[in-house]
Amino acid sequence: MKGIILYKSKYGATKKYAQWLSEATGFEMLETTKATVAGLKDYDTIILGGGIYAHGIAGIAFLKKNFQALKDKKLIVFCDGASPFDQKAFDEIRNLNMKDELSEIPVFYCRGTFDLQSMTFIDRKLCQMLQKAVAKKEPDTLEVWEKALMETGNQRGDWTDKSYLEPILKELGL
């Protein structure tokens, strides 16, 4: 099996997971912005990883745009976010990103990082506005991701862990 891991990492967690997957599988790694369909023709397996931003999986546009050329390959997607796993939230993200022909592709969740200080100005301000909005809600009505956002506050959080990759490796038969 010859595979490649495509990834789009804004703050480093996705790249870390891609590196760990590369070490575990022997697959090459490539940023989605550098990938071309022609460059992927010799691979049997393509894993695409991206962070979750506003319910979108970073890098998924590459797969959507090129699905017809890649559909005969083994395709796997993983995404990472700062929140603990929540089935309802994961299903929402999956349904929003994996429509139509992408719906049969297996998708996995890995918990990532959160660090306001390393964010772009815009991302930091959006998170701070979101924290203020969530703070106005009754604590017992908060979604899992909202609780995580409030618990982290301005602190740095890094929940990356190789164990999140086990289901992906199992999917690969490794």
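The values are calculated or read from the model by the stated rules, or taken from the named source; none is laboratory data. Keep in mind that this is a model prediction, so the values were computed, not measured. With ideal geometry, Cβ positions are generated from the backbone for all residues, glycine too; neighbour counts draw on all protein chains shown.
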Considering every residue within the stretch 74-93, establish whether at least one is within 15 Å of the chain's Cα centre (by Cα), assigned to a helix (DSSP H, G or I) and among the β-branched types (Val, Ile, Thr).
-> yes
Say we look at the stretch 99-155 and pick out the residues that are touching a Pro at 6+ places or on another chain (Cβ under 8 Å) and at pLDDT 85 or above; which of these is farthest from residue 68 (Cα to Cα)?
-> 111
How many residues are within 24 Å of residue 91 (Cα to Cα) and among the polar types (S, T, N, Q) if we restrict to the stretch 133-174?
-> 4
Spot the failing condition for residue 79; the list is (1) within 20 Å of residue 167 (Cα to Cα); (2) surrounded by fewer than 18 Cβ atoms within 10 Å (Cβ to Cβ), and only one is missed.
-> (2)
Conditions (1) more than 18 Å from residue 165 (Cβ to Cβ); (2) small (Gly, Ala, Ser); (3) touching a helix residue (DSSP H, G or I) at 6+ places or on another chain (Cβ under 8 Å); (4) modelled with pLDDT under 95 -> residue 54 fails only (3)
Within the stretch 90-111, how many residues turn out to be surrounded by 18 or more Cβ atoms within 10 Å (Cβ to Cβ), of a type outside the set (S, T, N, Q), within 13 Å of residue 57 (Cα to Cα) and touching a helix residue (DSSP H, G or I) at 6+ places or on another chain (Cβ under 9 Å)?
-> 5
Return yes when residue 73 is at pLDDT 95 or above and touching a helix residue (DSSP H, G or I) at 6+ places or on another chain (Cβ under 8 Å) and no when it is not.
-> yes
What tally of residues in the stretch 117-134 results from selecting those that are exposed (fewer than 12 other Cβ atoms within 10 Å of the Cβ) and assigned to a helix (DSSP H, G or I)?
-> 6
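Is it fair to say residue 130 is free of Cβ contacts under 8 Å to residues at least 40 places away in the same chain and closer than 20 Å to residue 93 by Cα?
Yes; evaluated as a whole, the condition is true for this residue.
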Within the group 138, 146, which residue is surrounded by 14 or more Cβ atoms within 10 Å (Cβ to Cβ) and farther than 25 Å from residue 61 by Cα?
-> 146
If a residue has to be of a type in the set (Gly, Ala, Ser), more than 13 Å from residue 161 (Cα to Cα), in contact (Cβ under 8 Å) with a residue 24 or more places away in the chain and part of a helix (DSSP H, G or I) to count, how many in the stretch 1-28 make the cut?
-> 1
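Among the residues of the stretch 29-53, which ones are assigned to a loop (DSSP other than H, G, I, E, B) and not charged (D, E, K, R)? Steps first, answer last, please.
From the stretch 29-53, those assigned to a loop (DSSP other than H, G, I, E, B) are 35-37, 41-44; that's our starting set.
Listed by number, the residues that qualify are 35, 36, 37, 43.
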